[in-house]
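What follows is calculated from the coordinates using simple rules that are stated; it is not laboratory data. Here the structure is a predicted model, which means the values were calculated and not measured. Positions of Cβ are backbone-derived with ideal geometry, glycine not excepted, and every protein chain shown enters the neighbour counts.
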Amino acid sequence: MVFRIEIEKDLCISCGNCIDACDDIFEVGEDNYAQLVGGILDEDGFSFGEYPAISCAIEGAQSCPAGCILIFEDGNRIA
Ligand code: SF4
């Protein structure tokens, strides 16, 4: 089972909610916007990463006022 998490950084308002909810998965980048711990930034402005377990990432996604955190389980969106 593989979980893929994406943050659409263009939509992030840097509120910090996701990090407060789940700092195993989310962190503040040098640009002061959220990014994924161990993640990669692509050319479209998404921070993404793949994880064997998602820990508290669902709570992090649910806490995001901008709706810019997406979580997929084996390719199917779950949050
Ligand atoms: S909760 Fe959403 S808007 Fe707030 S820092 Fe995290 S990704 Fe950005």
Exercise. Tally Lys/Arg at +1 and Asp/Glu at -1 over every other residue whose Cβ is under 10 Å from the Cβ of G49; what's the total?
Worked result: -1
Problem set entry | Check: the chain dipole with +1 on Lys, Arg Cβ and -1 on Asp, Glu Cβ, in debye | 220 debye
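Counting Lys and Arg as +1 and Asp and Glu as -1, what is the net charge of the other residues whose Cβ lies under 12 Å from the Cβ of G75?
Net charge in that neighbourhood comes out at -1.
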Exercise. Given the Cα-Cα distance of M1 and Q62 and 0.36 nm per residue of separation, how much length would full extension add, in nm?
Worked result: 19.8 nm
For this session: May I ask you to derive the relative contact order of the range 3-71, considering only C-alpha pairs under 8 Å and at least 6 residues apart, and to give it as an integer percent?
Result: 46 percent
Exercise. Taking the Cα-to-Cβ direction at R77 and at D23 and moving 7 Å from each Cα, how far apart do the two end points lie in nm?
Worked result: 3.0 nm
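Tell me, in nm to one decimal, what length is gained between L41 and E8 on full extension, where the rule is 0.36 nm per residue of separation less the Cα-Cα distance? Don't jump to the answer; show the numbers that get you there.
Numbers: separation 33, 0.36 × 33 = 11.88 nm, distance 0.99 nm.
In short, 10.9 nm is gained.
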Exercise. Counting Lys and Arg as +1 and Asp and Glu as -1, what is the net charge of the other residues whose Cβ lies under 13 Å from the Cβ of D20?
Worked result: -4
Exercise. Once the dipole of the range 3-71 is set up with Lys and Arg at +1 and Asp and Glu at -1 on Cβ about the Cα centre, which of A34, F46, I69 lies farthest towards its positive end?
Worked result: I69
